[in-house]
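The values are calculated or read from the model by the stated rules, or taken from the named source; none is laboratory data. In this text, all values refer to a predicted model and were calculated from it rather than measured experimentally. Heads up, the Cβs are rebuilt from the backbone with ideal geometry, glycines too, and the neighbour counts pull from every protein chain shown.
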């Protein structure tokens, strides 16, 4: 029997578009952990990240996705090591969402213009600065969106249910077509 | 030929170096880049553009712009094109509408001879009785239906959509609108300027050289200030909190683009629309508005006639006289309304005017009559902002009353003035709009969690200190002493309005709907105020007393394609989808999921599960991860049965009811660990059960320690079913699966095919020995392929939804939403043992108690509510499978008693089986039911003793 | 499209939330009469005035909250502060009858932000 290898929800093939303004990268294989922590728990103190914001901690990203929920994203080992450092006493729970969510990164100076074609949120710097976290309806699918710029270039992590992964990847490519976009899978 | 192209005009927008060929009415024609279709047709000497929709009267250009009611044409396969607006392109085929057999000779023009029969309400009154003749009437009337021809073979065009959040949106790019946009942008606001026409400048474009210079200067300044300019675009609607619909008709990538804008302030600078005059013969070709003549001469270099009478009540009419003379038109007479002059009729043929008669009885020969009788204020966006504009008789038009803080008005809508005064008012408005937008922006940013924090207190809404524009006196000119057409697009005359008023349709909203005046393509832009004026006259009241209709979105029509935009239809697939596709699965859409219905032969798939082993991809099954000490409390609240004693490793089935006692979902929940449970829901209930559970937790029991996380797509869910399923699973897992180690209704976690953290539970929806695997989705395909490979010698086959439906029906398992409906209370599903009324509380408890005769207020003698009961049935004739939803009727009377909710041919039993909802009196085992088939024939069915048609004792699934 | 003041996210498009209607107290399920329970399920005041109603921030923070809205003008007032526990109010919101339980083939579909 072959040994199992992780399969991305994006199963169609794409060839890159050289010189495109935007890139859309499939990062579905990244580790993703949900932490839920009630008021007064030690976990909240350890996470120390307010709702709707995020920070980079080494190779992982810690995002406050809901008033009592955090998402930890990054290489699976690094995510596990952060999780193991979070006190689990009290009303605290962990769910591994690595397999549950597709994750894409949309990068480029006109990335917000592409998002404006699929989402009704205000993507201006004032309303969605680097580090901001929100949940939004993107192409009619509820997604977590984290602004996580790369070298001062606007960049957004977009996470949706894995089953929508292929649809979402294609919807984002369609939104970016007007500006030129390259798919990286 | 009375119309022709003039020599070069100073302000023309056509490019004579770029001639464009097209056909008009089947004949070759030529125009220039920059022409509208209408201006090119007119330049070719054509006076008649179309025929009217009801009487098929020949019509010529009236306004020569977007609102021209007489200029609808067919362009290639596109009907109802506004030729006064649409720009000419090379090679198009343009034909007139409402003409049969031809523009010159029209059979249906006979309608006008019998016009008195086509009075308002004619169709309502004439064709209502007898009703059975309506299909025949419809066929005849359809021939008379107006409009162009739809080509069903046309390729679907590409439409686009985008959202935007500008500080200020300016609707209208005339002098005031441009000035407002510039001032707002200079004050630091992001500004979107939306202009309906192809050019900025509004009326300046067909004005004097100074007018054009001013328009050009403002346009340069607007672009320099960073204003985003959309041409040939319209703000079609204003909704709550300045949510705006904007249609962009000219876009390089799309046929049309719909922009949804959330503006912090909206500036309405829509200008004014010139109003036609009502008099006898006012729709004869050659009667034209002053603005139309000026557009044709100054922008398109088209001479609109040879000998003109000008009826003027304002400066715009006066300027037209100069324009006409410069264009070589003889101005035979100027009738000045301000000096008491009036016109009463035109005379001539149907196709052209020959003379104009004045109120003093004199007549002047002319082929062109220009009217300049005043303006309609297009207050649509103000109406949509909650404003109810007020009529000012001294200025003969409506003015805004009160708008919300975030909607400002400038330009002609706000008042009159010199161009400089309009520009100044625009500038002040733009500055004010920017200040108010800043206050709104501050509030939004300060209250939005994800936004950059802002310092300081929220600025106050800036006060309105603008210098108001004045109002020029203007005579009230709506109808002459004669009657004429009021609504050109709907062929409604002032006589029709008067007679409808006499019939009692004397409120403006009623009159409008009864006569259809203002309901045609011009949507009131030209005819609303004339309609109101005629009504006021008939009622002996003033226009202010009668009031006006309320303009609703859209301001200008947009296509259904634009509304639909790019099509987003989210599709969900499991990790095994590519395998299904490669192995011939017939796809079926279930909610948003694309699932295999079968792989070629559903009956064989059923038999293979009964005899060997099959696997089905059930990934869409809703799954919720539940953690926390108080999960049993939540389960007790959501389900009707008891959950406190579910031990680790156990799985239990439950049904959930809404508060009205109606079944809303069902599924199994297993306890994976001391503090961890996995709940499954129906595929379609995954989202709503989650919200339902969160609702109870957050609003009723916020003190409970429960965390719910949706994990539906975290797992690929695979059901292995059939007598050989245990053998198959044993080959792939480290978990002992023998009957003693892994009993029915138990859950285990372990490794399957090398994949760790798989959840397995032994349950039996199909009625066979079966194991449901929940595999981390990234490895779902791997496990599926491993099962297929390892099961080859066991006769493994995949099975789809159809086989599963048959298998579960053979077992008598109901499906929520198919076998139950919005009236199905839990006790009628045959699962009374799962309803534990001795629990303290659960959703829907009182309703279930009443349904079982044990509720508050029920005494010993009171009976349960007489609700339909779910029963299993077998058809007498095994070759007849009644379609689902077939009625069960009382044999003699055909009275409906119930219905078949599920039905299939059972290959296992060689019988036609089903589930049905019937009244309690028909639910006893052995009852004969009469089933009405769609053919009208009947068949019979017998109520069964058990829900399960097959293996009622469940020996197979417990094997 | 209303902007609804979510106490956690801030103003959001109405299509991102679900309106559950006027908040009404849930009677004691063990003592309620048929009339009391029927009123709880089906009777609402629906005045042209201020009402306290429940919203669910469906697309956003997934929190339920109550807020006052004027049904004639669509103004909002008094949303709870982010720290407030909604359940501590005197209102509860479990008002869903089967017709309101969003069941059906497309129950898990997202609604279009329009």
Fill in the blank from the handout: Within segment B:317-343, residues being without any contact (Cβ under 8 Å) to a residue 60 or more places away in the chain and either within 20 Å of residue B:478 (Cβ to Cβ) or in contact with a strand residue (DSSP E or B) (Cβ under 7 Å, 6 or more places away or on another chain) (or both) number 17
Practice task
Would you check if there is a residue in segment C:16-24 being modelled with pLDDT of 95 or more, more than 11 Å from chain B (Cβ to nearest Cβ) and assigned to a helix (DSSP H, G or I)?
Solution key: yes
Problem - Test: residue A:142 is out of contact with any helix residue (DSSP H, G or I) (no Cβ under 8 Å at 6 or more places or on another chain), more than 7 Å from chain B (Cβ to nearest Cβ) and either within 23 Å of residue B:678 (Cα to Cα) or modelled with pLDDT under 95 (or both) - result: yes
Problem - residue B:902, sole failed condition from (1) out of contact with any helix residue (DSSP H, G or I) (no Cβ under 6 Å at 6 or more places or on another chain); (2) part of a strand (DSSP E or B) - result: (1)
Exercise for the section: Kindly indicate whether residue B:46 is surrounded by fewer than 21 Cβ atoms within 10 Å (Cβ to Cβ) and closer than 27 Å to residue B:148 by Cα. Expected result: no
Practice task
Starting from segment B:451-463, take each residue that is more than 12 Å from chain A (Cβ to nearest Cβ) and at negative phi and list its partners that are part of a loop (DSSP other than H, G, I, E, B) and surrounded by 10 or more Cβ atoms within 10 Å (Cβ to Cβ), counting only C-beta distances under 8 angstrom and pairs at least six apart or across chains.
Solution key: B:461/B:405
Problem - Where residue C:105 falls short, out of the listed (1) more than 8 Å from every other protein chain (Cβ to nearest Cβ); (2) farther than 29 Å from residue B:837 by Cα; (3) modelled with pLDDT under 95 - result: (1)
Exercise for the section: Pull up segment B:731-757, narrow it to residues that are more than 14 Å from every other protein chain (Cβ to nearest Cβ) and surrounded by fewer than 15 Cβ atoms within 10 Å (Cβ to Cβ), then point me to the one that is nearest to the chain's Cα centre (by Cα). Expected result: B:743
Exercise for the section: Kindly list the number of the only condition in (1) in contact with a helix residue (DSSP H, G or I) (Cβ under 6 Å, 6 or more places away or on another chain); (2) away from chain A (no Cβ under 11 Å); (3) closer than 27 Å to residue A:6 by Cα that fails for residue B:686. Expected result: (2)
Fill in the blank from the handout: For residue B:598, the lone unmet condition from (1) touching a helix residue (DSSP H, G or I) at 6+ places or on another chain (Cβ under 6 Å); (2) within 30 Å of residue B:788 (Cα to Cα); (3) free of Cβ contacts under 8 Å to residues at least 12 places away in the same chain is (3)
Completion exercise
For helices (runs of 4 or more DSSP H) lying entirely in segment B:446-540, having 2 or more residues that are in contact with a helix residue (DSSP H, G or I) (Cβ under 9 Å, 6 or more places away or on another chain) and at pLDDT 95 or above picks out B:494-502, B:528-539
Fill in the blank from the handout: Scanning segment B:572-588 for residues that are surrounded by fewer than 16 Cβ atoms within 10 Å (Cβ to Cβ) and within 12 Å of another protein chain (Cβ to nearest Cβ) gives B:578, B:581, B:582, B:588
Completion exercise
Within segment B:307-317, of all residues that are outside any strand (DSSP E or B) and touching a helix residue (DSSP H, G or I) at 6+ places or on another chain (Cβ under 9 Å), the one surrounded by the most Cβ atoms within 10 Å (Cβ to Cβ) is B:317
Completion exercise
By residue number, the members of segment B:605-626 that are within 14 Å of chain A (Cβ to nearest Cβ) and buried (at least 22 other Cβ atoms within 10 Å of the Cβ) are B:617, B:619, B:620, B:622, B:623, B:625, B:626
Completion exercise
Taking segment B:814-852 and keeping only residues that are out of contact with any strand residue (DSSP E or B) (no Cβ under 7 Å at 6 or more places or on another chain), within 9 Å of chain C (Cβ to nearest Cβ) and not in a loop (DSSP other than H, G, I, E, B), one is left with B:845, B:846, B:849, B:850
Exercise for the section: Select the helices (runs of 4 or more DSSP H) contained entirely in segment A:1-118, then report the ones holding at least 2 residues which are over 21 Å from residue B:755 (Cα atoms) and facing chain B (nearest Cβ under 8 Å). Expected result: none
Practice task
Would you check which residues across segment B:691-729 are away from chain A (no Cβ under 13 Å), in a helix (DSSP H, G or I) and under 39 Å from the mean Cα position of the chain (by Cα) and list them?
Solution key: B:692, B:693, B:695, B:696, B:699, B:700
Exercise for the section: Collect the residues in segment A:126-138 that are free of Cβ contacts under 8 Å to residues at least 60 places away in the same chain and either surrounded by fewer than 24 Cβ atoms within 10 Å (Cβ to Cβ) or more than 7 Å from chain B (Cβ to nearest Cβ) (or both), keeping them in residue-number order. Expected result: A:126, A:127, A:129, A:130, A:136, A:137, A:138
Handout entry: Search result, residues across segment B:1-28 that are touching a residue at least 40 places away in the same chain (Cβ under 8 Å) and assigned to a strand (DSSP E or B)
Key = B:4, B:5, B:20, B:21, B:22, B:23, B:24
Fill in the blank from the handout: Counting only residues in segment A:146-159 that are part of a strand (DSSP E or B) and more than 9 Å from chain B (Cβ to nearest Cβ), the one surrounded by the most Cβ atoms within 10 Å (Cβ to Cβ) is identified as A:159
Fill in the blank from the handout: Residue count, segment B:638-664, condition within 14 Å of chain C (Cβ to nearest Cβ) and touching a strand residue (DSSP E or B) at 6+ places or on another chain (Cβ under 9 Å), comes to 11
Exercise for the section: Go through the residues of segment B:645-654 one by one and say whether even a single one is in a loop (DSSP other than H, G, I, E, B) and crowded, with 20+ Cβ neighbours inside 10 Å. Expected result: no
Exercise for the section: With the condition kept exactly as written, say whether any residue in segment B:219-230 is surrounded by 21 or more Cβ atoms within 10 Å (Cβ to Cβ), in contact with a helix residue (DSSP H, G or I) (Cβ under 6 Å, 6 or more places away or on another chain) and outside any loop (DSSP other than H, G, I, E, B). Expected result: yes
Practice task
Among the candidates B:830, B:822, B:844, single out the residue that is surrounded by fewer than 21 Cβ atoms within 10 Å (Cβ to Cβ) and more than 18 Å from residue B:652 (Cα to Cα).
Solution key: B:822
Exercise for the section: Output yes when any residue across segment B:768-784 is more than 14 Å from every other protein chain (Cβ to nearest Cβ), in a loop (DSSP other than H, G, I, E, B) and at positive phi, and no when none is. Expected result: no
